[in-house]
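The values are calculated or read from the model by the stated rules, or taken from the named source; none is laboratory data. Bear in mind that the values here come from a model prediction, so they are computed numbers and not experimental data. Please note: Cβ atoms are built from the backbone with ideal geometry, for glycine as well, and neighbour counts cover all protein chains shown. Surface accessibility is based on the protein's heavy atoms, side chains included, excluding ligands, DNA and RNA. Shrake-Rupley method; radii C 1.70, N 1.55, O 1.52, S 1.80 Å.
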Amino acid sequence: MIRKKVLVTGGAGFVGSQLCERLLNDGHEVVCLDNYFTGQKANIVHLIDNPYFELIRHDVTMPFFIEVDEIYNLACPASPIHYQYNAIKTMKTSVMGAINMLGLAKRIKAKILQASTSEVYGDPQVHPQVESYWGHVNPIGERSCYDEGKRAAETLFMSYHNQNKVRIKIIRIFNTYGPKMHPHDGRVVSNFIMQALQNEDITIYGDGQQTRSFQYVDDLIEGMIRMMASREDFIGPVNIGNPNEFTILELANKVIELTNSKSKIIRMPLPSDDPTQRQPNIELAKKELDWTPKIQLEEGLIKTIAYFDALIKS
Ligand code: NAD
Ligand code: UDP
């Protein structure tokens with residue numbers, strides 16, 4: 001195999017840290033770049049002694065120069081509470097981060113993959129969501145800094161590809177969970193597991209009938225690696241997610257059952273523009289990447305519960 005030098009922005013985050021580990025295990029040299037807004041050193045501290053791993057504190061809104069073969073652009077807070085904390089910064093991270101990383105890719109002729117999101121479909125009126133669907137996004141709502149930032153980043157990727165022949169790959173990631181999520185990340189799976197393990201109330205926003213399709217992180221990492229290695233003229237966007245759809249109430253009951261918890265379910269107000277349904281159509285990923293998710297919800301939840309249980313006990 002050829003050892004590649006790979007840059008992972010957002011490499012200290014939940015997905016980024018697992019990607020760094022996978023790339024090192026595959027024999028590559030990894031540069032992890034992060035500003036630690038939502039990422040943590042704890043996620044990558046075990047990699048620091050590896051001579052092929054390098055850690056750099058940097059903010060993607062500022063230009064960055066390095067020589068690498070491939071770039072995975074993941075830098076961006078992903079949990080609604082964190083991306084809404086500083087909406088302007090979120091938009092800057094998506095847009096200026098994309099410009100800086102695409103400029104770098106252009107200059108050094110690297111291949112670059114963008115971690116886009118199912119949020120580009122907004123509150124979708126087409127179900128399940130196919131890549132050809134343009135979406136239904138409120139441009140001035142609470143989620144817009146993230147949704148529109150990620151949409152603008154996709155535009156920039158396509159423009160650098162069309163105008164400057166930059167080698168790009170775009171994946172649209174659907175709700176992903178697993179070990180190394182921050183315990184106070186605020187997303188639904190980590191919230192419910194942390195609450196259940198501590199016998200605290202499980203907070204359902206709204207009536208719990210809204211749906212999501214949950215993907216275990218290992219399946220996402222496999223999809224990312226396959227997309228980066230896919231034929232040169234396949235640039236996406238391609239959905240990477242698990243099509244098994246659940247209501248949030250079903251998820252809460254499943255977590256209570258698997259943790260044997262005494263927690264009660266309580267209702268909290270539904271945040272505005274919260275998508276009512278979400279499910280990926282993954283036919284394109286199956287065809288182009290020969291990829292399907294392997295880990296279903298119960299198996300993935302059991303692994304994630306074990307991770308948070310150990311974290312609480314430590
Ligand atoms: P995360 O919050 O754990 O990771 C994001 C990382 O980016 C963190 O380490 C954070 O410190 C870093 N970061 C944020 N702003 C930065 C900046 N300006 N400069 C440098 N680093 C910065 O979230 P995650 O779940 O690991 O998400 C990773 C990527 O995947 C994000 O781009 C996210 O939008 C995308 N994504 C994730 C999901 C999911 O369900 N996990 C779904 C769709 C898209
Ligand atoms: N949610 C919930 N309780 C929580 C956290 C989230 O009911 O403690 C709901 C949220 O309103 C949304 C769904 O779970 O309908 C998924 O939320 P998350 O923040 O994980 O991701 P996103 O909305 O971005 O898909």
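In the structure shown, do any of LYS4/LYS92; LYS5/LYS41; LYS41/LYS294 have a Cα-Cα gap over 25 Å, and if so which?
Violating the 25 Å Cα-Cα cut-off are LYS4/LYS92; LYS41/LYS294.
For the chain, what proportion of DSSP beta bridges, expressed in % and rounded to the nearest 5, is antiparallel? Don't skip to the answer; put the middle values down first.
On the way: 3 of 38 bridges.
For the chain, the DSSP antiparallel bridge percentage is about 10.
For region 127-178 and region 288-304, what is the separation of their Cα centres, given in Å?
What the calculation gives is 23 Å, centre to centre.
Return the Cα extents of the chain along principal axes one, two and three, sorted largest first, each rounded to a whole Å.
Between the extreme Cα coordinates on each principal axis of the chain lie 55, 45, 38 Å.
Pairs of Cα atoms under 8 Å, at least six residues apart: use those to get the relative contact order of the chain, whole percent. Write down the numbers at each step before the final one.
On the way: 627 pairs, mean separation 53.9, N = 314.
That works out to 17 percent.
Test of understanding: given the chain, find the longest segment containing no GluC sites (Glu not before Pro) that are in a DSSP loop and have at most 14 other Cβ atoms within 10 Å.
Numbers: sites that count: GLU67, GLU232.
No qualifying site falls inside 68-231, the longest such stretch.
Give the Debye-formula value of log10 I(q)/I(0) at each listed q (0.13, 0.14, 0.15, 0.23 Å⁻¹), with one equal scatterer per alpha carbon of region 210-314, two decimals each.
-0.62, -0.70, -0.78, -1.23
With a cap of 12 neighbouring Cβ atoms within 10 Å, and only residues DSSP puts in a loop, list the trypsin sites (Lys or Arg not before Pro) found in region 218-292. Don't skip to the answer; put the middle values down first.
Working: sites: ARG226, ARG231, LYS254, LYS262, LYS264, ARG267, ARG278, LYS286, LYS287; in loops: ARG231, LYS262, LYS264, ARG278.
Those satisfying the criteria are ARG231, LYS262, LYS264.
Scan the chain and note any complete DSSP helix (H) whose C-alpha atoms cover at least 18 Å along its axis and whose Kyte-Doolittle average is -0.5 or more.
The answer, listed by residue number, is 87-108, 297-313.
Could you give the nm distance between label points at MET1 and ASP233, where each point is 7 Å from its Cα heading toward the beta carbon?
About 2.9 nm separates the two model spin labels.
With every protein chain present, what is the per residue accessible area of region 3-154 (1.4 Å probe, Å²)?
Values: 6450 Å² over 152 residues.
Per-residue accessible area for region 3-154 comes out at 42 Å².
Quick one: which residues, 5 or more positions from ILE240 or on another chain, have an amide H under 5 Å from its amide H? H modelled 1.01 Å from N in the peptide plane, none for Pro or chain starts.
ARG172, ILE173, PHE174
Before anything else, pin down the relative contact order of region 17-149: Cα pairs under 8 Å, at least 6 apart, normalised by residue count, whole percent.
Working: 160 pairs, mean separation 29.1, N = 133.
After rounding, I find 22 percent.
Over all directions, how big on average is the projection of the convex hull of the alpha-carbon atoms in region 138-281, in square nanometres? Spell out each step's value before the answer.
Working: hull surface 39.2 nm².
For the Cα atoms of region 138-281, the hull's average projected area reads 9.8 nm².
For the chain, which whole percent of the accessible surface, found with a 1.4 angstrom probe, sits on carbon and sulfur atoms? Numbers along the way, then the final one.
On the way: 7270 of 13840 Å².
Reported share for carbon and sulfur atoms: 53 percent.
Build a GNM of the chain with springs between Cα atoms under 10 Å: which of GLN40, GLN277, GLN125 gets the top mean-square fluctuation?
Highest fluctuation of the listed residues: GLN125.
Express the relative contact order of region 186-314 as a whole percentage, based on alpha carbon pairs under 8 Å and six or more residues apart in sequence. Please report the intermediate quantities before stating the final value.
Values: 170 pairs, mean separation 51.2, N = 129.
This gives 40 percent for region 186-314.
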